[in-house]
Amino acid sequence: MEPILKVDKLSGGYQRSRPVLHEVSFAVKKHEIVGLIGLNGAGKSTTIKHILGLMEPHSGEVRLSGKTWAKNRDEYRQSMAYIPEMPLLYEEMTLWEHLELTAMAYGLDEKTFKERAEALLKEFRMEKMGNWFPSHFSKGMRQKVMIMCAFLVSPALYVADEPFVGLDPLGIKSFLDRMLEMKERGCGILMSTHILATAEKYCDRFILLHNGRIILQGTLGELQEQAGMPGSDLDDIYTEMTKEDNHVE
Amino acid sequence: MWNEKKLWDKRRSDYWAMAVKYLRLIANSGFLFTIYLLFVFGSYYYGQFLEWLPETFPAVLFFTALFSWFITRGRVRTFAKTGDLFFLTPREGKMAPYFRSSIIYSWLMETFYMAFLLLILAPLFFDRIHPSGSLLLSIFLLLSGLKWWNLASGFEEQRIQEQSRYRLHTVIRAGLNIVTVYALFSVQPIWLIGGLAAFLLIFYFAYFYKLSKTHSLKWDRLVDIEDQTVMTFYRIANSFTDVPALKSKVRPRNWLSFLFRFVAYKQGNVYRYLFSRAFARSNDYFGIYIRLTLLGLLFLFVVQLDWGRWLIAAAFAYMTALQLETLRHHFNMSSMVELYPGQEQGKFESHKFWVQVLGSFQTVIFGVFTTVLYGPVNGLVVLLLAAAVYFYHSSVRLGKVYGNASGAAE
């Protein structure tokens, strides 16, 4: 079965002379949540930017349902939703208008939009805030707006960059429940995070990125095996793998 | 080697590099043209105004009030930054050259503004106070000296922590200024003016200068003064162009939401949707639009020549169009727009759409207003001219603006 997202020997970064990523390869299949894990500066955000088609690879390629961004821009963008680390809102638009604009941009028909939007507002407990402007939102509320916009589109692939930052516990739970639901329906989810306990609980597989290279990837069992640390949790493996590197340096 | 003088020079040049960018934008925004118009009409009506002004007009008091205010206001521009509270306080004792430069700089700027003010008022001065040019020049030089005294004293005065005492000092300065400025404009004998100057000098050295020995600099206040100056500049610049540093508040303006009905719910309308919200609620697009429209109406009302009104209508339509043009950059910093599928073509078309819609409103307003005041023929000419301007802007100029950009950064 063809994976939803396939990253093949991707090298890239802001300058050709100083690549950030070195031959990164991984895939996200249907019914799968994949955790992208790494220290600050490991290359997580750069990887995500390449997947979003905001940067061109130096070599290698990224395919979404078999298509590259360069050849099928619109279809590529259409089949993916992004939840950024820092909420990117339009200060001059209300919460409802954010949802409406997103639905318009992704070509949802008006009826579907209203149904989904109302359900989402209810689930994230923001029904009363439809006419509010972002300046009245806390960090967590802003993040919820981004999350709702992504779920509204209901694409094949979700890319979430540190989605939990600033969310209250109920917000995190709603988000994760939705993620699981989307996974059941056959979506693929790529999620970068530092919160390893949550990642361990929800992700099916993990990609450990370090200095722009993948040092380990697989299920928790496979990671334990590769690291030679049977029975340890993700936290320990992560610390151990990056510590080893410190010794070398 | 780092030293205080170099730091000051660096900060001044940084500020001007920033300011020049905005000044250039202001110059390009039709502002110079407005000034020119004001100048042409102003010089015509100035003479009439002077004739109309009754003989009893208290010219000396008017000059005294205006220049006393002008000389008392304004403080030394230090270019101080918040970080200085931490990084420069240890070197406070060695900062004298830095602040000397600040005082000289502020004095030159203020003198320049004052020269400008005096130039505008010169005809009034010659008509009502004294016809001698050399007298006006002497007054100007003496006022400039008084400004120096005020800046120097005002700088030492900021060392006083207590807000009420600090204000009291300003009030005392204002009082001395009123006396001195009145003496100048009522053309008092030389000995009296000389006496006042001597008194001010002695007062400075005997009192203000001594403050610097006993009181430390109040950096918070210096930073406040600097911030206010920069903000004033930003606010002025903001009425001509978009100033990112000035995050002006978003205003809901619900009564403008009828504009949003021009945007149907469909995928191709993403930019129409975005632009409508940006225009109605953010920054001052709408404010500028309204101001230019009202200013246009005022000119249409005042100007008595037919062709003058035609010119005014076309000019104000064009200035408004140039302002609407800046909407183009509004969403440049938003990375979410980049992620939406299928928006490659939509931006230019949507921008054009809004220039045409908003242009039509203004055109109709100009046309109807002129019809009511000067009859249908005049109204029709104004209507057609404004419409032609918007047609030119939206179908020729805007396309070029977008065309040039696609080759470059965008």
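Data overview
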| item | result |
| --- | --- |
| Single match in B:L358, B:L324, B:L294 (criterion: open to solvent by 70 Å² or more (accessible area, probe 1.4 Å) and farther than 30 Å from A:V153 by Cα) | B:L294 |
| B:K352, sole failed condition from (1) touching a residue at least 40 places away in the same chain (Cβ under 8 Å); (2) buried (at least 18 other Cβ atoms within 10 Å of the Cβ); (3) in a helix (DSSP H, G or I) | (2) |
| In region A:226-239, the residues that are assigned to a helix (DSSP H, G or I) and among the acidic types (D, E) | A:D235, A:D236 |
| Residue list for region B:300-321, filter: open to solvent by less than 30 Å² (accessible area, probe 1.4 Å), of a type outside the set (D, E, K, R) and at pLDDT 85 or above | B:L300, B:G308, B:I312, B:A313, B:A314, B:A315, B:F316, B:A317, B:M319, B:T320, B:A321 |
| Given (1) within 10 Å of another protein chain (Cβ to nearest Cβ); (2) crowded, with 21+ Cβ neighbours inside 10 Å; (3) modelled with pLDDT under 75, number of the condition B:S282 does not satisfy | (3) |
| Residue that is least open to solvent (accessible area, probe 1.4 Å) [pool: residues in region A:141-164 that are among the charged types (D, E, K, R) and assigned to a helix (DSSP H, G or I)] | A:K144 |
| Test set (1) surrounded by fewer than 17 Cβ atoms within 10 Å (Cβ to Cβ); (2) outside any helix (DSSP H, G or I) - B:A198 fails condition number | (2) |
| Residue check for B:R277: without any contact (Cβ under 8 Å) to a residue 24 or more places away in the chain and more than 12 Å from chain A (Cβ to nearest Cβ) | no |
| Some residue of region B:159-168 being closer than 28 Å to B:D224 by Cβ, without any contact (Cβ under 8 Å) to a residue 40 or more places away in the chain and in a loop (DSSP other than H, G, I, E, B) | yes |
| Criterion: free of Cβ contacts under 8 Å to residues at least 12 places away in the same chain, of a type in the set (D, E, K, R) and facing chain A (nearest Cβ under 10 Å) - qualifying residue of B:K213, B:K266 | B:K266 |
| Hey, A:E85 at positive phi and touching an Asp or Glu at 6+ places or on another chain (Cβ under 9 Å) or not | no |
| Positions within region A:187-226 being closer than 18 Å to A:H31 by Cβ and open to solvent by less than 10 Å² (accessible area, probe 1.4 Å), in sequence order | A:G188, A:I189, A:L190, A:M191, A:A199, A:F206, A:I207, A:G218 |
| So A:G171, is it out of contact with any helix residue (DSSP H, G or I) (no Cβ under 8 Å at 6 or more places or on another chain) and either open to solvent by less than 60 Å² (accessible area, probe 1.4 Å) or not charged (D, E, K, R) (or both) | no |
| Only listed residue being among the β-branched types (V, I, T) and in contact (Cβ under 8 Å) with a residue 60 or more places away in the chain, chosen from A:I214, A:I195, A:I172 | A:I214 |
| Selection count where residues are within 14 Å of chain B (Cβ to nearest Cβ) and within 14 Å of A:K144 (Cβ to Cβ), scope region A:101-124 | 2 |
| Hits in region B:311-351 - residues which are more than 14 Å from chain A (Cβ to nearest Cβ) and hydrophobic (A, V, I, L, M, F, W, C) | B:L311, B:I312, B:A313, B:A314, B:A315, B:F316, B:A317, B:M319, B:A321, B:L322, B:L324, B:F348 |
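The values are calculated or read from the model by the stated rules, or taken from the named source; none is laboratory data. The model shown is predicted, which means the values in this text are computed figures rather than measured ones. Note that each Cβ is placed from the backbone with ideal geometry, even for glycine, and that neighbours are counted across all protein chains shown. Side chains included, ligands, DNA and RNA excluded: accessible areas come from the protein's heavy atoms. Shrake-Rupley method; radii C 1.70, N 1.55, O 1.52, S 1.80 Å.
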